[in-house]
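Here's the structure we're looking at; comments come further down.
The values are calculated or read from the model by the stated rules, or taken from the named source; none is laboratory data. Just so we're clear, the structure is a prediction, and the values are computed from it rather than from any experiment. Ideal geometry is used to build each Cβ from the backbone, glycine not excepted, and the neighbour counts take in all protein chains shown. Protein only, heavy atoms only, side chains kept; ligands, DNA and RNA dropped before computing areas. Shrake-Rupley method; radii C 1.70, N 1.55, O 1.52, S 1.80 Å.
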Amino acid sequence: MSDPTEGHGTAGAGEAAESARTAGGAQGRHVRVVLVDDHRMFRTGVQAEIGQTAQTGVEVVGEAADVDQAVTVITATRPEVVLLDVHLPGGGGVEVLRRCAPLMADAEQPVRFLALSVSDAAEDVIGVIRGGARGYVTKTITGSDLVDSVFRVQEGDAVFSPRLAGFVLDAFASTDAPPVDEDLDRLTQREREVLRLIARGYAYKEIAKQLYISVKTVESHVSAVLRKLQLSNRHELTRWATARRLV
């Protein structure tokens with residue numbers, strides 16, 4: 001889940017918006033983009049910041065708030081670039097990448113993904129890069145830099161916020177690189193989603209609503225997480241997640 005307050009660096013800065021207006025359109029470039037984020041206000045902000053096609057060259061052709069919507073919209077519109085949040089209801093950004101793998105592999109019209117997330121956790125960065133994303137930038141990015149990043153990804157470049165590139169270099173330094181976090185690797189993608197929401201203080205009912213599952217299923221996932229991590233309660237789980245910057 002993304003924190004909508006983190007989007008201020010992308011949506012709302014007048015100076016950045018002015019820079020964005022000249023970043024793409026003035027050079028005659030054009031790119032079709034889909035926005036995938038579970039916060040409507042953040043999507044609206046990004047659209048306002050970079051989606052003035054005549055000025056930026058970026059045409060937003062679709063939006064989605066969860067995994068199923070994302071796959072449907074991306075398949076229908078076939079954009080050149082998808083701006084993808086990492087934490088989404090229904091399985092997260094990694095699940096979107098998995099289900100869109102054939103589109104990424106299309107030699108004639110590839111769909112490329114750029115992760116745009118509030119998270120700067122190493123396991124999030126490496127997870128989506130392993131899944132096939134071409135880059136990863138955080139939501140503190142300016143409008144002009146985001147426009148530039150979108151065009152670079154369209155052209156096949158890899159794009160990262162400066163601090164995040166080191167995570168990827170370290171992870172792929174050798175073919176037998178160890179997992180980023182062996183404890184975290186024991187958890188399924190859904191268990192990780194539940195873990196993050198629990199650590200952020202969500203009640204079981206709120207988690208069930210966010211992930212479109214029953215409260216009983218949430219309870220089962222929490223029990224599995226506690227067992228796998230050898231923790232006793234949600235307070236220990238919160239400390240564990242905070243120490244690993246997963247919150």
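Could you say which residue among Val67, Val61, Val71, Val118 is under 23 Å from Glu206 (Cα atoms) and open to solvent by 10 Å² or more (accessible area, probe 1.4 Å)?
Val118
Going through the stretch 96-115 one residue at a time, which ones are open to solvent by 10 Å² or more (accessible area, probe 1.4 Å) and either among the aromatic types (Phe, Trp, Tyr) or part of a strand (DSSP E or B) (or both)?
Matches in the stretch 96-115: Arg112 only.
Does the stretch 184-229 hold any residues that are among the charged types (D, E, K, R) and open to solvent by less than 20 Å² (accessible area, probe 1.4 Å), and which are they?
Glu191, Glu193, Arg196, listed by residue number.
Could you run through the stretch 157-182 and say how many residues are open to solvent by less than 50 Å² (accessible area, probe 1.4 Å) and modelled with pLDDT under 90?
Of the residues in that region, 9 qualify.
Within the stretch 233-247, restricting attention to residues that are in contact with a helix residue (DSSP H, G or I) (Cβ under 7 Å, 6 or more places away or on another chain) and farther than 16 Å from Ala121 by Cα, which residue is surrounded by the fewest Cβ atoms within 10 Å (Cβ to Cβ)?
Checked the stretch 233-247; the qualifying residue surrounded by the fewest Cβ atoms within 10 Å (Cβ to Cβ) is Arg234.
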